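J.: Before I ask anything, here is the structure I am working with.
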Amino acid sequence: MMLAFVGSQEQFIQSQTCFCVRMQLKPPTRPKLYSEHMPLEENDPYCALIPGLPEDLAKICLALAPRSHFPVMGAVSKRWMSFLESKELIAVRKEVGKMEEMVYVLAADADAKGTHWEVLWGSGERHNLPCMPGPTKAGFGVVVLDGKLVVIAGYAANHGKECVLDEVYQYDSVLNRWTVLAKMNVARCDFACAEVNGVIYVAGGFGRNGDNLSSVEVYDPEQNKWTLVESLRRPRWGCFGCSFEGKLYVMGGRSSFTIGNSRFVDVYDPNKHAWGEVKNGCVMVTSHAVLGEKLFCIEWKNQRSLAIFDPADNSWQKIPVPLTGSSSTRFSLGIHDDKLLLFSLQEEPGYQTLAYDPAAPVGSEWCTSKLKPSGSCLCSVTIKA
């Protein structure tokens, strides 16, 4: 599972038929479901997955079914639904060679007045996702966890930053449905977030009173619960996060209105419950993506080169981006088939998505990809399931 995200979070407005006021939802003990397909049977949850078949073989049979059938299959029984929404499904599909990789994109609508989530397939096809519940929002975070897309906090776009949210939604790419997860302890927007060791960390951002935050919290999917952990050494906002070797890296953004953008990289070690620091970070990042063991960034002032961070020695290198289309084209990064994708952030009718292959021989790293959103790409994540 790989993540790509656009750092200029003011642009991220999730468009759907929504409420203009904040939803009054109590933190659920189990995620609340938004789906047309619900289990029809109320049978014993411990009954056989498929009567007459050993459990392991039954799971393989379900995992071999086409992905397009999963939403309907989830309505057969509680056991089927439980298996299809579990991490075990991904493990079985991987074992039998049925894993599929899809790119989920937040794309601008044709009228440029809103946005929507859509999925891009390797063949070049694309399909819209169901509308996300909750208010129209911006300044939120996006993370992939256990093969699911998680959209975190942000602020109500209709009301501006005075209405910062603590709500969290999850999209299940297998069952094609949204669920509501537990609310965060601290409402925030324009923060850093990343999956590390099977949990989600969020750090910094702006709070409900416009205050600059240093607080950090972690989401445990097993308990559907957010817990506050050791805070950042300083407030930080407009930043982004990524994971390397079981540690959380936070960089970019600002720590003060008076000293400019921060080059410090805050590094959190979950085993020691402590923060460390690296001094040569990247500033004014508009998009980033992690591919392999390296971080790729596009900087606001230089859209014609990729800044590549190697956490092994905290070093940076830059490689030029070949010019295609307009010289003013700005890019959003994505990942597919172990290649870095450069989606256009503007409407460029003739633009073909660029792809960079770091494993290709020198001189043949760049090519084009069939993957192209229906509109300009504001952010993307890649899910294998």
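The values are calculated or read from the model by the stated rules, or taken from the named source; none is laboratory data. All figures in this text were calculated on a predicted structure; none of them were measured in a lab. Positions of Cβ are backbone-derived with ideal geometry, glycine not excepted, and every protein chain shown enters the neighbour counts.
Per-residue answers, yes or no, for (1) small (G, A, S); (2) under 26 Å from C377 (Cβ atoms):
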| position | (1), (2) |
| --- | --- |
| A75 | yes, no |
| V105 | no, yes |
| A110 | yes, yes |
| W117 | no, yes |
| L145 | no, yes |
| L149 | no, yes |
| Q170 | no, yes |
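J.: Among the residues of the stretch 235-259, count how many are surrounded by 15 or more Cβ atoms within 10 Å (Cβ to Cβ) and assigned to a loop (DSSP other than H, G, I, E, B).
T.: The initial filter retains those residues of the stretch 235-259 that are surrounded by 15 or more Cβ atoms within 10 Å (Cβ to Cβ), namely 235-244, 247-255.
From what is left, the residues that are assigned to a loop (DSSP other than H, G, I, E, B) are 235-236, 238-239, 252-253, 255.
Number of matching residues: 7.
J.: Considering the stretch 114-141 alone, what residues qualify as being touching a Cys at 6+ places or on another chain (Cβ under 6 Å) and in a strand (DSSP E or B)?
T.: G141
J.: A further question on this structure: List the number of the failed condition for V174; all other conditions in (1) touching an Asp or Glu at 6+ places or on another chain (Cβ under 9 Å); (2) modelled with pLDDT of 95 or more hold.
T.: (2)
J.: So the check is Cβ under 8 Å with 6+ separation or different chains; which pairs have a first residue in the stretch 61-89 that's without any contact (Cβ under 8 Å) to a residue 12 or more places away in the chain and a second one that's loosely packed, with under 15 Cβ neighbours inside 10 Å and of a type in the set (G, A, S)?
T.: Listed by first residue and then by second, the contacts come to M73/A65.
J.: When you check T179 against the structure, is it modelled with pLDDT under 95 and either part of a strand (DSSP E or B) or among the hydroxyl-bearing types (S, T, Y) (or both), yes or no?
T.: Numbers: modelled with pLDDT under 95: no; either part of a strand (DSSP E or B) or among the hydroxyl-bearing types (S, T, Y) (or both): yes.
When the stated conditions are applied, T179 does not pass them.
J.: Right, something else. Kindly indicate whether any position in the stretch 160-167 is farther than 14 Å from F191 by Cβ and under 14 Å from the mean Cα position of the chain (by Cα).
T.: Checking the stretch 160-167: not a single residue is farther than 14 Å from F191 by Cβ and under 14 Å from the mean Cα position of the chain (by Cα).
J.: For residues in the stretch 185-195 being of a type in the set (A, V, I, L, M) and buried (at least 21 other Cβ atoms within 10 Å of the Cβ), which is nearest to S82 (Cα to Cα)?
T.: Among residues in the stretch 185-195 that are of a type in the set (A, V, I, L, M) and buried (at least 21 other Cβ atoms within 10 Å of the Cβ), the one nearest to S82 (Cα to Cα) is A194.
J.: Condition check: polar (S, T, N, Q), over 21 Å from H288 (Cα atoms) and touching an Asp or Glu at 6+ places or on another chain (Cβ under 8 Å). Does N209 satisfy that? Don't jump to the end; show me each part of the working.
T.: Details: polar (S, T, N, Q): yes; over 21 Å from H288 (Cα atoms): yes; touching an Asp or Glu at 6+ places or on another chain (Cβ under 8 Å): no.
So N209 fails the test.
J.: If L333 satisfies every condition in (1) surrounded by fewer than 18 Cβ atoms within 10 Å (Cβ to Cβ); (2) in a strand (DSSP E or B) but one, which is the exception?
T.: Every condition holds for L333 apart from (1).
J.: Just checking, how many residues over the stretch 260-295 are more than 21 Å from V142 (Cα to Cα), in contact with a Phe, Trp or Tyr (Cβ under 9 Å, 6 or more places away or on another chain) and part of a loop (DSSP other than H, G, I, E, B)?
T.: Number satisfying all stated conditions: 3.
J.: Ok, one more. What are the residues in the stretch 143-157 that are crowded, with 21+ Cβ neighbours inside 10 Å and in a strand (DSSP E or B), if any?
T.: Those that are crowded, with 21+ Cβ neighbours inside 10 Å and in a strand (DSSP E or B): V143, V144, K148, L149, V150, V151, I152, Y155, A156.
J.: Would the stretch 253-267 turn up any residue that is at positive phi, among the aliphatic types (A, V, I, L, M), modelled with pLDDT under 95 and in the same structural domain as A107 (by TED's automatic domain parsing)?
T.: The initial filter retains those residues of the stretch 253-267 that are at positive phi, namely 253, 260.
Subset that is among the aliphatic types (A, V, I, L, M): none.
Taking every residue of the stretch 253-267 in turn, none turns out to be at positive phi, among the aliphatic types (A, V, I, L, M), modelled with pLDDT under 95 and in the same structural domain as A107 (by TED's automatic domain parsing).
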